[in-house]
Amino acid sequence: MKIYNICFSPTGGTKKVADIISRGFSEQFEFIDLTEKSFDNDISIKSDDIAIISVPSYGGRVPEVAVKRIMKLKGNGAKTVLVCVYGNRAYEDALVELQDTVVDAGFNVLAGIAAIAEHSIARCYATGRPDEQDKNTLNEFVKKIKQKLDSNDINNIQLKGNRPYKKFNGVSMVPKPTNKCNKCGLCAEKCPVSAIDINNPKNVDSSKCIACMRCVSICPQSSRKVNKVLLSGATLALKSVCSKRKECELFV
Ligand SMILES: Cc1cc2nc3c(=O)[nH]c(=O)nc-3n(C[C@H](O)[C@H](O)[C@H](O)COP(=O)(O)O)c2cc1C
C-alpha cells in the first residue's frame, strides 16, 4: 500500500495542510505536484493505495486548472481523503466539487476536511495557519480515518456544499513586476497556467492569469506585486468575514 499526496498549491498553504495529513499516514509518501505544468499523470495508483487530494478554495470553487489536472489521473478505486483549504472566509462548494471531480477520476472517497491556511491574497488573514492547534486537529482527523479503515465501515460521507456549484466570477488581480525584477524567469517557469512571458515578465496574459499569487510568493527579488489600491480594497472588503478564527471541519 502506498500513500499519495496529490496537491495543487500555488503559494504552499494547501501543501502545508496536505503534508501534515500525509505524514499522519506515513513518513514515506509520494508527492504529486499538480501545481507544476509537467506533473506526472502517468502514475499507477492501485485500489489498496491511499490518496490525499488537496486543493485551495478560490471563490468557493476548486480552481479550474486543478479540476483539469485531477481528471488526468486514474484513481483505480484508491481510498481517498479530500482536503479543501481556504483563507478563513468560506469554502462554499469547493469540497463537493472536489468530491465530484475525484469520483469522476475513479477515486473512492473515504473522508474530507475543510482546513484553513493563510489567505494567499490578503495575508493578514489566517496568518501563520495551519498552526499548532490546526496540527492537532489534522492529526485527530487522520486518527479517525484510520479507525474507519480498521472497522471496515467505509460508508458514504455527507459533505457541506451545494450542487449546482456557485458561479466563480474570477479575481482580477494580475501581479506585475516592479523595477527590482532582474528577469530571472522563475515566475514564468513556475506559473501554473503559463500566463507570464519568459523573455519579458512584465507581459502577463491576463486572460490566463488565475491570480493564484504564486509568482508573488516565489520571486527571489520580491519584485512581483498586485496593485496596492486593489489589494487594500479587497483586504478591507474581507475584514468582517475573515477576521474571526474559523476551525477545520471534519467529515469522516
Ligand atoms: C484567486 C483566489 C481566490 C480565493 N478565494 C477565497 C475564498 O473565496 N475564500 C477563502 O476563504 N479564501 C480564498 N482564497 C484564499 C486561499 O483559498 C487560501 O489562502 C489557500 O490556502 C491558498 O492556497 P495555497 O497557499 O496552496 O496557494 C483565495 C485565494 C486566491 C488566490
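Every read-out reported here was derived from the displayed coordinates using simple, explicitly stated rules and does not represent laboratory data. The shown structure was predicted, so the numbers you read here are calculated from the model rather than taken from an experiment. Positions of Cβ are generated from backbone atoms using ideal geometry, with glycine treated the same way; all protein chains shown enter the neighbour counts.
Every condition in (1) surrounded by 12 or more Cβ atoms within 10 Å (Cβ to Cβ); (2) farther than 28 Å from residue 225 by Cβ is met by residue 125 except one, and the failing one is (2). For first residues located in region 143-166 and farther than 15 Å from residue 95 by Cβ, partners that are of a type in the set (A, V, I, L, M, F, W, C) and part of a loop (DSSP other than H, G, I, E, B) and lie 6+ apart or on another chain with Cβ distances below 9 Å form the pairs 144/252; 145/252; 147/252; 148/154; 148/252.
Applying the criterion of at least 3 residues that are of a type in the set (Val, Ile, Thr) and either buried (at least 21 other Cβ atoms within 10 Å of the Cβ) or in contact with a helix residue (DSSP H, G or I) (Cβ under 8 Å, 6 or more places away or on another chain) (or both) to the strands (runs of 3 or more DSSP E) found wholly in region 1-74 leaves 50-56.
So for region 190-199 (the condition being under 30 Å from residue 95 (Cα atoms), surrounded by 14 or more Cβ atoms within 10 Å (Cβ to Cβ) and without any contact (Cβ under 8 Å) to a residue 24 or more places away in the chain), does at least one residue qualify? The answer is yes; a qualifying residue exists. Among residues that are within 16 Å of the ligand (Cβ to nearest atom), out of contact with any His (no Cβ under 7 Å at 6 or more places or on another chain) and not aromatic (Phe, Trp, Tyr), residue 110 is not included.
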